[in-house]
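Since the structure comes first, as structure tokens, the remarks are kept for the end.
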Amino acid sequence: MAGVVERRSIDVVPDEERHGSAVSQFTLWLGANLQITAVITGALAVVFGANAFWSLIGLLLGNLLGGAVMALHSAQGPRLGLPQMITSRAQFGVRGAVVPLALVIVMYIGFFASGSVLAGQAVGELTHLGETPGIVLFATVTAVAAAVGYRLIHTLGKIAGLVCALAFVYLGIRLLQRTDLGTLLADHRFALPVFLLAVSLSASWQLAFGPYVADYSRYLPRHTSARATFWWTLSGSVLGSQWSMTFGALAAAAAPAAFVGHEVSYIVGLGGAGLIASCLYFVIALGKLTINILNTYGGFMSLVTSVSGFRGQRTLTPRARSAYIAGIMVAGTAVALLGKDSFLTSFKDFLLFLLTFFTPWSAVNLVDYYLISKERYDIPALSDPAGRYGAWNVRALTVYVLGVLAQLPFLATHFYTGPLVAPLGGADISWLVGLAVPAVLYGLTARRDTARTAAPAAPREDRNPAGSGG
């Protein structure tokens, strides 16, 4: 068991513990995206007004654009051997990174909660315990698996990818037996606002993986090709998400009254009854288990990174690791139980809310890593508030805040709509602004800060910065 349970947390993975190939990113992200929450994300495009034809195109465009950003983060893992969010210290400072980290933790808890609502329904039906006990049982299993760590996560990703792919092929056939695909796609009327909503929904889905995607590539050997890591991650995530979202959009277009608000029961009923229904409830729970473990594990990493920035702690005892993971589980389960009755509208607004805060972070992180630091970080300095990156980088934090604020005039959600949304016909383009503005501002300000951008003075083998690899 000692060889199975992960010992690393936010410390660097040494070369002798690296293993695997970039193909593992395809199977993990395929399995993580072939699941019911992605189905509902695709359905939302139709629920909120787009026809099926333009919904599918918009969802694909968003998945490709957001997936490319997400995959660029994944390529950092093998080179650095670090969890994703600890690299934010190079931009925001060892302690300043707690600002985006706090929002990332909210994201993990929110996704844990939304996944637990849907999986809890499936577990409740499968075990005949009911929805609330199903949510609690599912959350407990998630926490235990997350505590085991990296190897189990990748193993589950492979299993879920295969099982869920077979299930979605079957469900797709059943859906097309009930409805005519040509009829569903016959309406080609284009409306820019709802088209951009579809793009934003899928882009936000992909961008939300950015803060933790490198957590699952950091054990790959240092010489792993960055290009291979990028493409395997992108292809697995886009294929899985577009497959799920296409099914959701078509299901919502075919039977809006039966699907909306009854997503789990509709999918199971589409497949059949008896043993088939039990298998589909299991598939729904398995698909959500994979992604919820990622959310729990990522939340654990982010909490440790936040605390260690002030305490200087790099390693954890098994008891401390379990305590962090239990905290994420309890918070996520509480949110799930409180919000399970208003899930659909809340989830759409939650996705767009996330997009507002994570596009500026992605822009800053990627510009710094690829253009300013040239894929080389002084890794010991990431744990030293008095070192190269300092405790607080006020310039980067200001750029981040400006990136968030720049989106507000273009943002359209249930609880807030910006003043420039109406002149654009109701279209939400805030995420594009959130990528462009901080990317330009950070690029201009960071180039002047030579203390941060200069290459580490010590040889690589002594200081262990990233910068090697094919």
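The values are calculated or read from the model by the stated rules, or taken from the named source; none is laboratory data. Values in this document were obtained by computation on a predicted structure and should not be read as measured data. Every residue, glycine among them, receives a Cβ derived from its backbone with ideal geometry; neighbour counts consider all protein chains shown. To get the accessible areas, we keep the full protein, side chains included, count just its heavy atoms, and leave off ligands, DNA and RNA. Shrake-Rupley method; radii C 1.70, N 1.55, O 1.52, S 1.80 Å.
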Exercise for the section: Counting other Cβ atoms within 10 Å, keep those with at most 16, restrict to DSSP loop, and tell me which chymotrypsin sites (Phe, Trp or Tyr not before Pro) in region 155-209 are left. Expected result: Phe190
Fill in the blank from the handout: Phi-derived 3J(HN,Hα) across region 262-269 with the Karplus relation (6.51, -1.76, 1.60, θ = phi - 60°), rounded Hz, x for Gly and Pro, is 9, 4, 5, 5, 5, 4, 5, x
Handout entry: Accessible area in square angstrom per residue, the chain, 1.4 angstrom probe
Key = 37 Å²
Exercise for the section: Can you send over the carbon and sulfur percentage of the accessible area for the chain, probe radius 1.4 Å, protein chains only? Expected result: 68 percent
Completion exercise
Helix 226-254 sits off the longest principal axis of the Cα atoms of the chain, rounded to the nearest 10 on a 0 to 90 degree scale, by 20 degrees
Completion exercise
Relative contact order as a percentage, the chain, C-alpha pairs under 8 Å and 6+ apart, gives 31 percent
